[in-house]
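Everything below concerns the one structure shown next.
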Amino acid sequence: MAAVDGGEVDHLAGERATAHFDVDAMKVAWAGSRHAVEVNDRMARLVASDPVFRKDTRTMLSRKELFKDTLKKAAHAWKRIVELRLTEEEANLLRLYVDQPGYVDLHWGMFVPAIKGQGTEEQQKKWVPMAYKFQIIGCYAQTELGHGSNVQGLETTATFDPNTDEFVVHSPTLTSSKWWPGGLGKASTHAVVYARLITQGKDYGIHGFIVQLRSLDDHSPLPGITLGDIGGKFGSGAYNSMDNGVLRFDHVRIPRDQMLMRLSQVTREGKYVHSDVPKQLLYGTMVYVRQTIVADASKALSRAVCIAVRYSAIRKQFGSQAGGPETQVLNYKTQQSRLFPLLASAYAYRFVGEWLKWLYTDVMQKLEAKDYSTLPEAHACTAGLKSVTTSATADAIEECRKLCGGHGYLNSSGLPELFAVYVPACTYEGDNVVLLLQVARFLMKTVSQLASGKQPVGTTAYMGNIQYLMQCKSAVNTAGDWLNPAAIKEVFEARALRMAVNCAQNISKAPSQEEGFSELSPDLLESAVAHVQLIIVTKFFEKLQQDIIGHGVKEQLQNLCNIYALFLLHKHLGDFLSTGCITPKQGALANEQLGRLYAQVRPNAVALVDAFDYTDHYLSSVLGRYDGDVYPALYAEAWKDPLNETVIPDGYQEHLRPLLKQQLKFSRL
Ligand SMILES: CCCCC/C=C\C/C=C\C/C=C\C=C\C(=O)SCCNC(=O)CCNC(=O)[C@H](O)C(C)(C)COP(=O)(O)OP(=O)(O)OC[C@H]1O[C@@H](n2cnc3c(N)ncnc32)[C@H](O)[C@@H]1OP(=O)(O)O
Ligand SMILES: Cc1cc2nc3c(=O)[nH]c(=O)nc-3n(C[C@H](O)[C@H](O)[C@H](O)COP(=O)(O)OP(=O)(O)OC[C@H]3O[C@@H](n4cnc5c(N)ncnc54)[C@H](O)[C@@H]3O)c2cc1C
């Protein structure tokens, strides 16, 4: 302890020695089980030890080289999966640790789930085995040039022709071109295409269809199909490994049985039949993926935080008196107050992601039993958590870059690429603002039902306590009182409910519900965020109620949970004050307690990021190396840049030499 506070520990081994908890047990808490630690570790090492999966020069490749490299890695990964007879769990992890976005993400992540979720048993029997053996490659073609968020506004048509028992898929306008689907540009042979179903002259809205795009013999586009890549994207390397595509149909015919018919059918005669299931199940694949994106947020955030914490323990600046050692930047209170809430958020998102996976599985089981009652909550939770965790994670990765100073801006820090790959998560699978407005809509509905005496359940159950929560005053009197979970939960519940009720009251004053919703939408966003943050805080507390084993593990998690909650309270102090949930004095006490908690985390910080159990290969950061040997690695990495392949740069003879020889002179000189 003294060594850390005194700034004498100058390498990571020393940092690890100051930890007050059992790191191996924390690895289990983080991964979910001992089995999960073992399989994660095995797959990460398998990838790290395979030269085909190297990624240290990735940011120096041209787009074409990068794409070819992605194809190579995907094929090699598949070869290893088959050779080693990996289970589905192992195969998913292997792909995760390959860590290069590519067509396989959409094939496994959306194409297969769309067929499983929306196809009949017969359709699943036909298509899923082909997809599982990679005899076909699929993508998810929903978004168009003119519409992404407004799914009901899509323009592609699928018109039933009873004469031939086929659908005719067509792109009637430029804006109806499919635009963005990952894997579509160059790799996919098939797509699940979302189009307006038209039969017997009537438009029945958006439905899914399986459409073959490319020949299975030579990969050329099938007649009537125009397709390609939509062009380079943000950042070097990064998401440019993905072939996001454009696709147009010119009266392309597909058999009737390639309409995904689990939710509704078109008969041989062309009659439209809708099963008695909610039509929102059409959006089921998006709900599934949003749930996986929350788990991904904790992965991305923990990677960035791992890099920033380790480097902050190595990096020293100032503080040297009379030749004494300088201070580790991790010892600066400002560095701690920026970094430790992000560390706490990584753990918070991990646990809420775990819970969301449970919720999703539970909802799916209920749907199988034709109980659709929990669908709105599943939608609100997945949409809200996707939105809040991805926005915060994107901001946090950028903050970690800044926390690493100048070196954080180098590609070799791993942070620029991580940011560029991650930031579109705020947009794909639903723009974060659009999704929060869905949560707000759900909250307004719940509030309006309170008057009729309907008891809210699940994550809105707290709203049932409206009499108390609308008028309660926090009893916090000292900084230490903020360590009481009940005190924290109460103010988070009161804030969320009061914000929702304020919005509902203001909407009710508008000429119409719709106008009120639109006018109040900025406030509704904040109300939705307050509700989602309450869910995250609550699920962290619930995690602490579980059986957590290992010396000191629970105590560390308690600290992180309190940091997460009190950091939010500090950041959104305006909400808590304006709704009268706390007084300014109580706000100041929360901040005081935060400072104390940071001091408790400090000696454990490096061990807390070690518990993520990331290999150096997965982190791909010279700053985040496990051994902390940062400077030689930074120095060596610079020499790998193609610019350093020659001492004299290309272009010297044409452009530098003439300049230096002053053959071009200003006439006035
Ligand atoms: C392991 C591998 C993983 C692979 C992928 C992993 C990570 C991602 C990696 C890379 C990215 C790769 C892929 C990206 C893919 C995509 O982006 S696919 C395209 C995604 N597109 C969207 O998300 C579009 C967003 N828009 C919408 O979801 C809807 O259009 C919207 C909900 C905004 C509005 O729909 P609309 O029908 O107009 O709705 P209403 O507002 O009128 O609502 C009608 C009622 O339906 C309820 N509802 C809406 N959505 C859902 C839903 N998903 N589930 C259940 N219910 C839903 C809504 O609440 C309304 O209910 P009430 O009438 O109020 O009761
Ligand atoms: C990297 C990446 C991968 C993708 N992969 C796929 C894929 O595989 N398959 C696929 O089908 N699609 C894919 N997409 C498309 C993606 O799903 C859409 O881009 C996303 O849903 C957002 O829709 P949009 O582009 O139409 O945004 P827009 O809706 O046009 O958003 C523009 C702005 O308008 C605002 N806005 C829109 N509607 C409202 C509203 N009602 N109220 C207030 N503000 C609003 C938004 O907040 C945003 O600020 C991908 C996108 C990206 C970036």
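The values are calculated or read from the model by the stated rules, or taken from the named source; none is laboratory data. All figures in this text were calculated on a predicted structure; none of them were measured in a lab. Please note: Cβ atoms are built from the backbone with ideal geometry, for glycine as well, and neighbour counts cover all protein chains shown. Surface accessibility is based on the protein's heavy atoms, side chains included, excluding ligands, DNA and RNA. Shrake-Rupley method; radii C 1.70, N 1.55, O 1.52, S 1.80 Å.
Some points to look at:
- When SER149 is tested against (1) part of a loop (DSSP other than H, G, I, E, B); (2) within 25 Å of GLY102 (Cβ to Cβ), only condition (2) is not met.
- Verdict on VAL329 being in contact with a strand residue (DSSP E or B) (Cβ under 7 Å, 6 or more places away or on another chain) and either modelled with pLDDT under 95 or surrounded by fewer than 24 Cβ atoms within 10 Å (Cβ to Cβ) (or both): yes
- All conditions in (1) within 26 Å of VAL305 (Cβ to Cβ); (2) among the β-branched types (Val, Ile, Thr); (3) open to solvent by 10 Å² or more (accessible area, probe 1.4 Å) hold for THR583, with the sole exception of (1).
- Lone qualifier among PRO603, PRO642 - being in contact with a helix residue (DSSP H, G or I) (Cβ under 6 Å, 6 or more places away or on another chain) and either farther than 30 Å from ALA487 by Cβ or among the charged types (D, E, K, R) (or both): PRO642
- Restricting the range 74-83 to residues that are without any contact (Cβ under 8 Å) to a residue 24 or more places away in the chain and within 29 Å of VAL287 (Cα to Cα), the residue that is least open to solvent (accessible area, probe 1.4 Å) is ILE81.
- From the list LEU86, LEU71, the one residue that fits, being closer than 28 Å to VAL622 by Cβ, open to solvent by less than 70 Å² (accessible area, probe 1.4 Å) and modelled with pLDDT of 95 or more, is LEU71.
- Neighbours by Cβ (under 8 Å, 6+ apart or cross-chain): first from the range 451-472, under 14 Å from ALA500 (Cβ atoms); second basic (Lys, Arg) and surrounded by 16 or more Cβ atoms within 10 Å (Cβ to Cβ): LEU469/ARG498; MET470/ARG498
- Number of positions in the range 232-273 that are open to solvent by 40 Å² or more (accessible area, probe 1.4 Å), away from ligand 1 (no atom under 15 Å from the Cβ) and within 25 Å of GLU398 (Cα to Cα): 2
- Against the conditions (1) away from ligand 2 (no atom under 15 Å from the Cβ); (2) open to solvent by less than 20 Å² (accessible area, probe 1.4 Å); (3) farther than 29 Å from ALA295 by Cβ, ALA195 satisfies every one except (1).
- Filter result (open to solvent by 20 Å² or more (accessible area, probe 1.4 Å) and within 21 Å of ILE466 (Cβ to Cβ)) within the range 500-516: ASN502, ALA504, GLN505, ASN506, SER508, LYS509, GLN513
- Cβ-Cβ distances below 7 Å connect the following pairs, each with a first residue in the range 45-72 that is within 17 Å of TYR97 (Cα to Cα), a second residue that is open to solvent by 70 Å² or more (accessible area, probe 1.4 Å) and part of a helix (DSSP H, G or I), and a separation of six or more residues or different chains: VAL52/LYS72.
- Of the residues making up the range 1-32, those that are assigned to a loop (DSSP other than H, G, I, E, B), open to solvent by 40 Å² or more (accessible area, probe 1.4 Å) and at pLDDT 95 or above are HIS20, ASP22, GLY32.
- Scanning the range 232-266 for residues that are within 29 Å of PRO101 (Cα to Cα) and either acidic (Asp, Glu) or over 23 Å from the mean Cα position of the chain (by Cα) (or both) yields ASP243, VAL246, LEU247, ARG248, PHE249, GLN258, MET259, LEU260.
- Some residue of the range 414-422 being within 12 Å of ligand 1 (Cβ to nearest atom) and touching a residue at least 12 places away in the same chain (Cβ under 8 Å): yes
- Residue within the range 391-406 that is within 13 Å of ligand 2 (Cβ to nearest atom), modelled with pLDDT of 95 or more and farther than 16 Å from SER298 by Cβ present: no
- Pairs with Cβ under 6 Å, 6+ apart, first in the range 149-168 and open to solvent by 50 Å² or more (accessible area, probe 1.4 Å), second assigned to a loop (DSSP other than H, G, I, E, B): SER149/ASP431; PRO162/GLY270
- Conditions (1) out of contact with any helix residue (DSSP H, G or I) (no Cβ under 6 Å at 6 or more places or on another chain); (2) closer than 30 Å to LEU469 by Cβ; number of the one not met by ASP575: (1)
- If the condition is being part of a helix (DSSP H, G or I) and in contact (Cβ under 8 Å) with a residue 24 or more places away in the chain, then the range 111-121 contributes PHE111, VAL112, PRO113, ALA114, ILE115, GLY117, GLN118.
- Number of residues in the range 143-166 that are among the hydroxyl-bearing types (Ser, Thr, Tyr) and within 13 Å of ligand 1 (Cβ to nearest atom): the value is 2.
- Filtered residues of the range 211-227 (kept if touching a residue at least 40 places away in the same chain (Cβ under 8 Å) and within 15 Å of ligand 2 (Cβ to nearest atom)): VAL211, LEU227
- Considering the conditions (1) closer than 28 Å to SER220 by Cβ; (2) in a helix (DSSP H, G or I); (3) within 23 Å of the chain's Cα centre (by Cα), GLN100 is excluded by exactly one of them, (2).
- Single match in GLU89, GLU65 (criterion: under 23 Å from the mean Cα position of the chain (by Cα), assigned to a helix (DSSP H, G or I), more than 16 Å from ligand 2 (Cβ to nearest atom) and of a type outside the set (A, V, I, L, M, F, W, C)): GLU89
- Selection within the range 548-563 - in a loop (DSSP other than H, G, I, E, B) and among the hydrophobic types (A, V, I, L, M, F, W, C): ILE548, ILE549
- The residues listed here are GLY245, GLY270, GLY324, GLY284; of these, the one that is on the phi > 0 side of the Ramachandran plot and of a type outside the set (Lys, Arg) is GLY270.
- Put simply, of HIS531, HIS572 the only residue that is open to solvent by less than 20 Å² (accessible area, probe 1.4 Å) and within 24 Å of VAL447 (Cα to Cα) is HIS531.
- Residue that is farthest from ligand 2 (Cβ to nearest atom), among those in the range 102-155 that are among the polar types (S, T, N, Q) and out of contact with any strand residue (DSSP E or B) (no Cβ under 7 Å at 6 or more places or on another chain): THR120
- Residue count for the range 104-142, restricted to those that are open to solvent by 30 Å² or more (accessible area, probe 1.4 Å) and within 11 Å of ligand 1 (Cβ to nearest atom): 2
- Residue satisfying all of: in the range 427-481; within 14 Å of ligand 1 (Cβ to nearest atom) and of a type in the set (Phe, Trp, Tyr); surrounded by the most Cβ atoms within 10 Å (Cβ to Cβ) among these: PHE442
- Across the range 297-313, not a single residue is classified as near ligand 1 (Cβ under 10 Å from one of its atoms), open to solvent by 30 Å² or more (accessible area, probe 1.4 Å) and of a type outside the set (A, V, I, L, M).
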